[in-house]
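Once you've had a glance at the structure underneath, I'll fire off some questions.
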Amino acid sequence: MSLNEQGHYAEAVHIISALIENNPVTDELLNVLGLSLRRLNRLTEAKACYNSVTPTSPAGGEAQYQLGLIALSENKNDTAKQHFQNALDLNPRLTPVHRNMSLVITYDKDHPHLRDMQQLLNEGDLQPSAESELRFALYKALNDTRQYDAAFEHLEQGNSLKKQTIRYSIEKDEGIFAYLKHTFAEPAPVATSELGFRPIFIVGLPRSGTTVTERILCGCEGVTGAGELQYSTTAMSKLMQQMATKKQTKFTQADAQALRDAVGQAMQGHANGAPVVIDKMPLNFRWVGGLLAAFPEARIVYTTRMPRDQLWSLYQVCMAGSGNGFSYDLSDIAQYQALTRDLMQHWMRLFPDQIHQLDYHALTKDPEEHIRPLVDFCGLEWSDDCLHPENRESAIQTASLQQARQPIYHRSTPDWLPHEARLASAFEQLNQLGL
């Protein structure tokens with residue numbers, strides 16, 4: 001697994017920069033360095049790398065695609081669209097580009113990009129992973145034009161292909177969650193070393209409001225949002241492997257200190273001098289027992305959403321990588337919601353004073369009533385800026401980038417309504433699971 005895949009972006013930048021300094025610069029190296037810099041939110045440097053790639057080289061399409069993603073994260077949709085088009089002009093079979101292009105277009109039935117995507121699909125020789133990306137894009141386009149039956153068919157097939165590609169199994173996660181509850185049947189001994197900042201971890205399911213919550217808290221003085229960091233997952237996975245090798249059944253103070261050292265040092269690189277750093281990686285909810293042993297001064301914000309809205313929001317989005325494998329099957333999503341609720345109830349019993357639950361639906365109905373207790377829980381000083389997360393100028397590099405740029409508002413009609421009949425069995429499963 002590469003350093004970028006493990007989330008060690010700063011280390012990747014250091015190694016690649018040394019390679020470039022001592023060897024001829026290649027377009028491929030520039031693309032890899034640009035990705036590491038983008039993940040560190042060093043977007044100006046990332047853009048410089050991508051702009052240095054030879055436009056007509058085999059790597060040129062990827063560079064234009066990445067420039068489009070950066071523009072999208074900066075809310076520069078017209079610029080993003082141009083970069084995506086540049087990438088497709090170089091290679092019209094880059095289906096991730098089609099999917100991201102679909103995010104910046106509002107389609108009508110005669111839109112040329114819709115025709116281009118249908119033609120590409122009809123050619124019929126795409127790999128499953130590539131076809132999955134294209135079908136998510138076609139879902140977006142056809143949903144815009146209210147061709148709901150055809151749209152849902154593409155969405156269903158896109159999800160099925162994605163699940164097939166990453167080979168997800170809900171049974172594996174059931175085993176991990178049971179292991180975590182057993183390992184952390186009670187609070188573990190805590191680490192005690194000094195740290196140059198105080199962490200806040202925003203956790204929950206993806207698409208549950210983690211991004212807007214981060215942007216709310218960034219309205220307070222002295223807070224920096226680091227986005228979704230891989231460090232906790234990488235470090236906890238390594239520690240659990242070591243525990244299994246040693247047949248160790250409990251998380252020790254030495255484990256807590258090792259986690260604090262590894263994650264704390266990595267997060268320090270995102271602090272930029274701020275005394276409070278937010279990591280909003282949603283699936284860190286799995287590691288709450290270890291994180292609160294490693295960072296007893298930390299606060300955990302647990303975001304939740306109405307189960308039907310949560311299910312639909314996950315199912316209609318193709319996320320990067322394979323870390324959200326449960327989100328490509330309606331039954332898996334329902335079961336994973338139940339697993340998440342069960343594990344979080346366990347953590348809240350163990351750490352009632354260190355976890356704050358924030359309901360997204362309630363937040364949108366009365367923002368200030370729920371934001372003030374959130375800010376107080378996190379030990380931050382109130383600012384009216386917290387009420388206007390849409391005013392933050394920082395880039396958003398998650399699937400919620402469009403929603404999080406809007407003012408907090410309450411949606412009176414759920415966006416799954418046109419597909420309600422097709423979701424009936426999934427909604428019934430939610431009911432049976434008590435969700």
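Can you order the peptides 193-200, 291-298 by their average number of other Cβ atoms within 10 Å per residue, highest first? Mind showing how you got there, number by number?
Values: 193-200: 16.6, 291-298: 22.1.
Per-residue mean Cβ counts within 10 Å order the peptides as 291-298, 193-200.
Under 13 Å from the Cβ of Leu90, count the other residues' Cβ atoms, weight Lys and Arg +1, Asp and Glu -1, and hand me the total.
Numbers: positive: Arg93; negative: Asp27, Glu62, Asp89.
Surrounding charge for Leu90 is -2.
Oh, and also: If the limit is 21 Å between Cα atoms, which of Lys247/Lys280; Lys163/Lys280; Lys250/Lys280; Lys181/Lys250; Lys172/Lys247 go over it?
Values: Lys247/Lys280 32 Å; Lys163/Lys280 24 Å; Lys250/Lys280 26 Å; Lys181/Lys250 11 Å; Lys172/Lys247 19 Å.
In this structure, Lys247/Lys280; Lys163/Lys280; Lys250/Lys280 lie more than 21 Å apart at Cα.
What's the ranking of 86-95, 131-140, 114-123 by average number of surrounding C-beta atoms within 10 Å, highest first? Can you show the working numbers first?
Numbers: 86-95: 18.4, 131-140: 25.1, 114-123: 14.8.
Output ranking for 86-95, 131-140, 114-123: 131-140, 86-95, 114-123.
Let me ask something else about it. Would you work out which of Leu72, Leu19, Tyr9 lies farthest towards the positive end of the dipole of the stretch 3-91? Charges go on Cβ: Lys and Arg +1, Asp and Glu -1.
Highest projection toward the positive end goes to Leu72.
Please give the calculated 222 nm ellipticity per residue for the chain, where each DSSP H segment of at least 4 residues contributes -39500 (n - 2.57) and the sum is spread over every residue; nearest 500 deg cm²/dmol?
Values: 20 runs with 244 residues, N = 435.
So the helix-based figure for the chain works out to -17500 deg cm²/dmol.
Same structure, new question: Please compute the net charge surrounding Ile170, taking Lys and Arg as +1 and Asp and Glu as -1 over other residues with Cβ under 9 Å from its Cβ.
Working: positive: Lys172; negative: Glu171, Asp173, Glu174, Asp329, Asp332.
In short, -4.
At a Förster radius of 60 Å, what calculated FRET efficiency corresponds to the Cβ-Cβ distance of Glu28 and Lys246, to the nearest 0.05?
Values: r = 40 Å, r/R0 = 0.67.
For Glu28 and Lys246, the calculated efficiency is 0.90.
Mind checking which lysines have their C-alpha under 21 Å from Lys109, skipping anything on the same chain fewer than 8 residues away?
Lys81, Lys140
Just to confirm my numbers, what's the Cα centroid distance between the stretch 409-435 and the stretch 282-344 in Å?
First find each Cα centre; the distance between them is then 18 Å.
Taking the highest mean first, how do the peptides 343-356, 52-65 order by number of other beta carbon atoms within 10 angstrom per residue?
Working: 343-356: 16.3, 52-65: 18.7.
Ranked by mean Cβ neighbours within 10 Å, highest first: 52-65, 343-356.
Once you keep just the Cα pairs under 8 angstrom separated by 6 or more residues, what percentage relative contact order results for the chain? Write out the running numbers ahead of the final one.
Numbers: 624 pairs, mean separation 69.5, N = 435.
Computed value for the chain: 16 percent relative contact order.
Going by C-beta contacts inside 10 Å, put His113, His154 in order with the fewest on the left. Can you show the working numbers first?
Values: His113 18, His154 22.
Lowest count first: His113, His154.
Of Tyr107, Tyr50, how do they rank once you tally other Cβ atoms within 10 Å and put the fewest first? Present the calculation step by step, with values, prior to reporting the outcome.
Values: Tyr107 17, Tyr50 27.
Ascending number of Cβ neighbours within 10 Å: Tyr107, Tyr50.
Each reported figure results from applying straightforward, stated rules to the coordinates on display, with no laboratory input. This is a predicted model, so every value here is computed, not measured. Note that we place each Cβ from the backbone using ideal geometry, even for glycine, and neighbour counts take in every protein chain shown.
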